[in-house]
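Read through the structure below, which is laid out as C-alpha cells, and then see the notes.
Read the figures in this text as sums done on the coordinates, not as results from a lab. The structure presented is a predicted model; accordingly, all values stated were derived computationally and were not measured. Here the Cβ positions follow ideal geometry from the backbone for every residue, glycine too, while neighbour counts run over all protein chains shown.
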C-alpha cells in the first residue's frame, strides 16, 4: 500500500506542475480564481501548491477512512480475548510522532501484526520462551524475552521517541 501512496503523490506533483505551467485543468481553476481577467498576474507557487493539495485530497480521504476502519477493527478484536489465552498485550502510547504509521510487531522474529498510535493489541503466543520486538531495520527495538506458561498474559508498552531524523522504539514490560 505504501508504494501506491508514493506513486500517487509523485504523480500528483507531476500533474500539478504540468497543469500549472500549461494553464490547464486542474490548475486552471485556481488561476481563474486568482487572476479572473486576461493579463492579470498570479503566483505560480500558490497555484502549484493548491493544485497539489487538490490532487492529494482523495488520497487523504481514503487514508483517513482506512485508518478509522483499522482502529474500529482493532478495538473489536481486543474485546473478544479470553482471559485464559497465552499471549502478550502491547500498548502504544498516543503520540503525534508517527501517529498514522502502524509499527510492525514481531514475535520470535515472525511478523504477527502492526500496532497503531493510541491502541492496545493482544498477540497470541506459544507457551515457552518468547521474544517480542517492534520495528524494522535501524528503528528496530531491543528484544524483550518472556517465558510464558499456559494462560499467562504479559503486558508491555511501546513508546516512540524522536531522535534526530529517525525514531526510536522503546519496549518495556508493565
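Picking from residues in segment 36-89 that are more than 25 Å from residue 123 (Cα to Cα) and loosely packed, with under 10 Cβ neighbours inside 10 Å, the one that is nearest to the chain's Cα centre (by Cα) is 45.
Is it the case that residue 26 is within 29 Å of residue 145 (Cβ to Cβ), surrounded by 10 or more Cβ atoms within 10 Å (Cβ to Cβ) and in contact with a helix residue (DSSP H, G or I) (Cβ under 8 Å, 6 or more places away or on another chain)? Steps first, please.
Values: within 29 Å of residue 145 (Cβ to Cβ): no; surrounded by 10 or more Cβ atoms within 10 Å (Cβ to Cβ): yes; in contact with a helix residue (DSSP H, G or I) (Cβ under 8 Å, 6 or more places away or on another chain): yes.
Considered against the rule, which asks whether it is within 29 Å of residue 145 (Cβ to Cβ), surrounded by 10 or more Cβ atoms within 10 Å (Cβ to Cβ) and in contact with a helix residue (DSSP H, G or I) (Cβ under 8 Å, 6 or more places away or on another chain), residue 26 comes out as no.
If we scan segment 67-81, do we find a residue that is closer than 30 Å to residue 151 by Cβ, out of contact with any helix residue (DSSP H, G or I) (no Cβ under 7 Å at 6 or more places or on another chain) and part of a loop (DSSP other than H, G, I, E, B)?
Scanning segment 67-81, I find at least one residue that is closer than 30 Å to residue 151 by Cβ, out of contact with any helix residue (DSSP H, G or I) (no Cβ under 7 Å at 6 or more places or on another chain) and part of a loop (DSSP other than H, G, I, E, B), so the answer is yes.
Among the residues of segment 25-35, those identified as within 34 Å of the chain's Cα centre (by Cα) and in a loop (DSSP other than H, G, I, E, B) are 25, 26.
With the structure loaded, tell me whether residue 91 is touching a residue at least 24 places away in the same chain (Cβ under 8 Å), in contact with a helix residue (DSSP H, G or I) (Cβ under 7 Å, 6 or more places away or on another chain) and farther than 30 Å from residue 21 by Cα or whether it fails that test. When the stated conditions are applied, residue 91 does not pass them.
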